[in-house]
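First comes the structure, then the notes that go with it.
Since every read-out is calculated from the coordinates, none of them should be taken as a lab result. Everything numeric here is computed off the predicted structure, so don't read it as measured data. When we count neighbours, we look across all protein chains shown, and the Cβ atoms used for this are built from the backbone with ideal geometry, even at glycine.
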């Protein structure tokens, strides 16, 4: 059976956490930066994804801080999360390399 | 009231859509993220933010909570969904063959009175169709409960299985195989799907029980 492809938002959240632990708003800003502003996560979407990722043991809570009277929870990748992200990145990379090789001159802008 | 306080109150109102256990865990955290991301001078949640939080709350209330790694649990969910599809097929067969069943019953019982016909329709064909429609909902409800990690669907499903087994056997003993062969064939397939689902449910329950026991015994051994 084919393994289900990771959703782009999930991939970007894991990518944001690959650089180190981040709190919720930090993840939103990092995802926007990684995607050059194309993906703007909202709080509801982020926490739905984070809950799912915690359930699947791909991310975990790193630490908690109180800033300005509000809870700030930092998340980090688990070893399992890092392995899944690496596998997914390798798959994207292989597919993209094949697509670019087949497009040839068109992809390089000379066609 | 300041703009910030008004905005915070608006966000808190939206966060009430989430279930209580989710709010206990994330309420102030999400509120912080929402306030950090607010535009300068924003006094109320934007419509897109409200829609996003409503979708998140809906997912928190109805979405699956089984981990992806729980393959056995997801196998049960898939079997229960397959059961709903088989039940739908059974309903279609019951409705599609109702005319044929009536003709066969008429051929086998040429002297039936209007009252006896009424008894056949209201006592056999109509209840079977209604029961199949209700059962579709039951299968989907069981699938949803299982995807939410509830442990009690199995005993309920055992009762359902016993009920349908009794219904199939009583139908066969009343001679349904003579006048409704296709219906009996579909009911038998459905019964096999139920038996398989129950077997997998029981296997999952037993393996979970032993997994829960392992840490206790290893702790006592250590």
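Annotations
- Computed over chain A: relative contact order in percent, which uses C-alpha pairs under 8 Å that are six or more apart: 26 percent
- Footprinting exposure proxy ranking of A:56, B:21, fewest other C-beta atoms within 10 angstrom first, gives B:21, A:56.
- Angle in degrees between helix A:79-103 and the longest Cα principal axis of chain A, rounded to the nearest 10: 20 degrees
- Helix B:153-173 and the longest principal axis of the C-alpha atoms of chain B enclose an angle of approximately 10°.
- Diffusion coefficient, µm² s⁻¹, Stokes-Einstein with Kirkwood Rh over alpha-carbon pairs of the protein assembly as shown at 20 °C and 1.002 mPa s: 87 µm²/s
- Percent of Cα pairs in chain B per distance bin of 10 Å, from zero to the largest separation: 7, 23, 19, 17, 15, 11, 6, 2, 0.
- Which of A:34, B:189, A:27 has the fewest Cβ neighbours within 10 Å, and the rest in rising order: B:189, A:34, A:27
- If the convex hull is drawn through the Cα atoms of the stretch A:8-102, its volume per residue in Å³: 100 Å³
- Relative contact order computed over chain B (Cα-Cα under 8 Å; 6+ residues apart), in percent: 25 percent
- Cα principal axis extents for the stretch B:16-75, largest first, Å: 51, 21, 18
- Computed from label points 7 Å out along Cα-Cβ, the spacing between residue B:47 and residue B:5 is 2.9 nm.
- For the segment B:32-42, counting C-beta atoms of other chains within 10 Å of every residue's C-beta and taking the mean gives 5.
- Potential extension, residue B:88-residue B:68 segment - 0.36 nm per residue separation minus Cα distance: 4.4 nm
- In terms of surrounding Cβ atoms within a 10 Å radius of their Cβ, B:12, A:102, A:52 rank from fewest to most as A:102, B:12, A:52.
- Cα centroid separation, the stretch A:73-103 to the stretch A:5-58 (Å): 14 Å
- Angle of helix B:3-15 to the longest C-alpha principal axis of chain B, folded into 0 to 90 degrees and rounded to 10: 20°.
- Sorting B:194-206, B:138-150 by their mean Cβ neighbour count within 10 Å, with the most densely packed peptide first, gives B:138-150, B:194-206.
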